[in-house]
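Working notes, structure below.
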Amino acid sequence: MVRLPYTTALTTLFSYGLLFAFGQLRDFFRKLIDWFKAKNVKGYAPICLGLEDFYVRRLYLRIQDCFGRPIASAPDSWFDVVERTSNDNNKTLQRTSNTTRCLNLGSYNYLGFAAADEYCTPRAIESLKKYSASTCSVRVDGGTTKLHTELEELVARFVGKPAAILFGMGYVTNSAIIPCLIGKVCSHSYYIHLTKMWVDQDDYLFYLFTIFQGGLIISDSLNHNSIVNGARGSGATVRVFQHNSPAHLEEVLREQIAGGQPRTHRPWKKIIVIVEGIYSMEGELCKLPEIIAVCKKYKAYTYLDEAHSIGAVGQSGRGVCELLGVDPTDVDIMMGTFTKSFGSCGGYIAASKEIIQHLKHSCPAHLYATSMSPPAVQQVISAIKVILGEDGSNRGAQKLARIRENSNFFRSELKKMGFEVLGDNDSPVMPIMLYNPAKIPAFSRECLRQKVAVVTVAFPATPLLLARARICISASHTREDLVKALDVISRVGDLVGIKYFPAEPPKIAEAGHDKLE
């Protein structure tokens, strides 16, 4: 958890206040000019209005060259960043034909499968030739190949659950699944689909409508936006507990169980607690054993998002359950994505056969969205087989050992330099706190100038005062790559002024002589 120093908070607030004041002043003069120019069609309200639009125009556009940088190669340890220019003070950016070869510290290519791989790439190419780039259909029509079925079985075996279901997008996996698990009411589309399947079983429909009422979601305060939107879209009651705090979770559970549903005070039909394995903006590991103990005590279901942890942590890459010694059977619903450790796209839900069957009948992302591209499915199958050693080599074990070694080495060295680094050991996600808005573009641009590509994150992805640079380490990084990155980041950190702690003095080698008494 970030503890913002008083002086840092004061200077950061002053910086934002200054930007806000000058932005409002410029808006005032723009309104005076627009008074004489009828640009808007009369009778229509502006589409973009409010503080969000003000933030984009007066703050974000000033530094938008630090975000959304296009690349011209595979996201390996080194990649080509396309250079862009602006002739209107960053309001618009134009791509050029020039590229810069940079060390990649931004892509979450944790195990290095996003680049060409001796085992995965030939099989993905072969599947492209056999199945084409798209199934051009949804799963319930003609969008299920034998590759999709194979991957579902392989994912279930890999994470230790009875069954799994695939989705074409990781974000949608959360935002579309959560309403199906605990929605207040079935949508009209669900009703139509279920009526077609259960036309003579009205009692079953009534049962489904009944169980979707009275649900409670208890979500970690720093859960991903996909979880937030899924919870909001469910129509269920949502409560939030302090980040990674089992004690506060128990307090919220006790309060909600004692109070019951709003207005009626009837008991909750079901309660789901949603947490992440590794928090993407914090780099912290979930306190999963303690949270599961609390959930068992109060008979609440557990939903675990392993987008950044599956494949990246654990002795055999099976995520935080393996790393923290948690039995997968104690987690009711396990979610993960294929975009991080497996070098592909899409996501999955692994759970009991009953839950998976229910999702296949009711989830719009399964019923109406085009299925995963067959080459993407084959990429995941091949990557998991490499991780499990089923390719006939030990490359998977080597990758897992390297990502763990690289992550711990890089984190340790950053802390020694005096940076404020969030997160836990073994996590490949390392946020470096920047705070001040002027330091966001300064850090990003100077790193890029020295051929190190980093990702900076600011509002609305983080709280306004907690801007940061998010470093993602890969197994494809060599020790030389990491040393170069540390050297550049250290020099840029001194230049920008983001070393908020005193640097650790270098250790002096012992002379080897016995101490005289």
Scalar couplings 3J(HN,Hα) for segment 367-373 by Karplus 6.51 cos²θ - 1.76 cosθ + 1.60 (θ = phi - 60°), nearest whole Hz, x for Gly and Pro, are 7, 10, 9, 4, 5, 4, 4
Heavy-atom SASA rank of T144, T237, T329, T337 (probe 1.4 Å, accessible area, largest first): T329, T144, T237, T337
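Is the shape of segment 341-410 best called rounded, prolate or oblate, per the rule: a/c under 1.5 gives rounded, else a/b larger than b/c gives prolate, else oblate, with a ≥ b ≥ c the square roots of the Cα gyration tensor eigenvalues?
Prolate is the answer for segment 341-410, as a/c is 1.5 or above and a/b outweighs b/c.
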What does the accessible area of K385 come to, in Å² to the nearest 10, when a probe of 1.4 Å is used? 50 Å²
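Going by the alpha-carbon gyration tensor, a ≥ b ≥ c the square roots of its eigenvalues, is the chain rounded (a/c under 1.5) or, if a/c is not under 1.5, prolate (a/b greater than b/c) versus oblate?
rounded
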N98: net charge of surrounding residues, Cβ under 15 Å, Lys/Arg +1, Asp/Glu -1, itself excluded? +3
Within 14 Å, Cβ to Cβ, of I381, how many net charges do the neighbouring residues add up to if Lys/Arg are +1 and Asp/Glu are -1? -2
Segment 136-165 and segment 353-429 have their Cα centres apart by a whole-number Å value of 17 Å
Nonlocal amide H pairs with E83, under 5 Å, H built at 1.01 Å: T96, N98, T99, T100
DSSP bridge pairs, the chain: antiparallel proportion in percent, nearest 5: 60 percent
If amide H atoms are modeled at 1.01 Å from N in the peptide plane, then the residues at a separation of 5 or more from T237, or on another chain, having amide H under 5 Å from its own are G215, I217
Amide H contacts under 5 Å for I471, placed H, 5+ residues apart: M430, I432
Theoretical ellipticity at 222 nm over the chain - DSSP helices of four or more residues, -39500 (n - 2.57) apiece, nearest 500: -13000 deg cm²/dmol
Provide T11, T173 ordered by accessible surface of protein heavy atoms (probe 1.4 Å), highest first. T11, T173
So with the 1.4 Å probe, I'd like the accessible area per residue for the chain, rounded to whole Å². 49 Å²
Accessible area, 1.4 Å probe, largest first: how do H265, H361 sort? H265, H361
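Quick one: net charge of V81's neighbours, Cβ under 13 Å, K/R +1, D/E -1?
Residues close to V81 contribute a combined charge of +3.
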Report the Cα centroid-to-centroid distance between segment 43-81 and segment 309-344 in angstrom, as an integer. 32 Å
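The values are calculated or read from the model by the stated rules, or taken from the named source; none is laboratory data. None of these values were measured; they are calculated from a predicted model. Cβ atoms come from the backbone with ideal geometry, glycine included; neighbour counts cover every protein chain shown. Remember, those area values only see protein heavy atoms, side chains included, never the ligands or the DNA or RNA. Shrake-Rupley method; radii C 1.70, N 1.55, O 1.52, S 1.80 Å.
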